[in-house]
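Below is one structure, written out as structure tokens; comments come after it.
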Amino acid sequence: MKSVKFLSVVAAVLAATAAFAAAPVTTVESAKGKVLAGENGMTLYTFKKDVKGVSNCYDDCAKNWPPLMAASDAKADGAYSIIDRKDGTKQWAKDGMPLYYWVKDKKTGDITGDGVGGNWDLAKP
């Protein structure tokens, strides 16, 4: 009986670890086809002024384009990596490019941020 309890505990720990391993990203349908979205279903974007591994969106930019934040214990997963922001927080990136939400998107599949200011692109799977 003790071995069954032990295996249950091990399984629970492995499941919890796996939850931290995967990026909190999904794919949703939009008017422009499949796009990446956060766990909340909202579309994700990339910023043309960023470079791989570096976010250049802070202050007012980050208020309008909230970063897809990563927990301190999150782990990179395939095309998804974690970058360090200059404010000490962590952010998810795809293929090295930091990911953001747009405050004017209100429901799953909204893509109102695409092309804003000529600097924002839909994040594609």
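The values are calculated or read from the model by the stated rules, or taken from the named source; none is laboratory data. Just so it is clear, the model here is predicted, and its values are computed rather than measured. When we count neighbours, we look across all protein chains shown, and the Cβ atoms used for this are built from the backbone with ideal geometry, even at glycine. Note: areas computed on protein heavy atoms with side chains; ligands, DNA, RNA excluded. Shrake-Rupley method; radii C 1.70, N 1.55, O 1.52, S 1.80 Å.
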Taking the full set of protein chains and a 1.4 angstrom probe, give the accessible area of D77 in square angstrom, rounded to the nearest 10.
70 Å²
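Would you mind checking the pairs K32/K107; K32/K106; K75/K104; K34/K86 and listing those with alpha carbons more than 21 angstrom apart?
Details: K32/K107 15 Å; K32/K106 17 Å; K75/K104 29 Å; K34/K86 31 Å.
Check vs 21 Å cut-off fails for K75/K104; K34/K86.
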Using modelled backbone amide H atoms (1.01 Å from N, in-plane), which distant-in-sequence or interchain residues come within less than 5 Å of A70's amide H?
K90, Q91, W92
J(HN,Hα) series, the stretch 102-108, from Karplus relation 6.51 cos²θ - 1.76 cosθ + 1.60, nearest Hz, glycine and proline x
10, 5, 8, 6, 10, 9, 3
In nm, what is the difference between 0.36 nm times the number of residues separating M69 and T27 and their Cα-Cα distance?
13.4 nm
Each residue of the stretch 81-98 in turn: what ³J(HN,Hα) in whole Hz from Karplus with 6.51, -1.76, 1.60 and θ = phi - 60°, glycine and Pro shown as x?
10, 10, 10, 8, 8, 5, 8, x, 8, 10, 9, 6, 9, 10, 6, x, 8, x
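Quick check on the stretch 17-125: take the gyration tensor over C-alpha atoms, sort the square-rooted eigenvalues as a ≥ b ≥ c, and tell me if it's rounded (a/c under 1.5), prolate or oblate.
Details: a/c = 1.70, a/b = 1.17, b/c = 1.46.
Because a/c hits 1.5 or more and a/b fails to exceed b/c, the stretch 17-125 counts as oblate.
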Scan around D110 for amide H atoms under 5 Å from its own, H built in the peptide plane at 1.01 Å from N, and keep only partners 5 or more places away or cross-chain.
T43
Among rounded, prolate and oblate, which fits the stretch 79-125 when a ≥ b ≥ c are the square roots of the eigenvalues of its C-alpha gyration tensor, a/c under 1.5 means rounded, and a/b larger than b/c means prolate?
prolate
Heavy-atom accessible surface of the stretch 46-120: percent carbon and sulfur, 1.4 Å
52 percent
For G113, what charge total do you get from the other residues with a beta carbon under 11 Å from its beta carbon, if Lys and Arg give +1 and Asp and Glu give -1?
-3
Contour excess over end-to-end distance, with Cα ends at D77 and A62 and 0.36 nm allotted per residue
3.0 nm
What does the C-alpha gyration tensor say about the overall shape of the stretch 45-97? Classify as rounded when a/c is under 1.5, otherwise prolate if a/b is larger than b/c, or oblate.
oblate
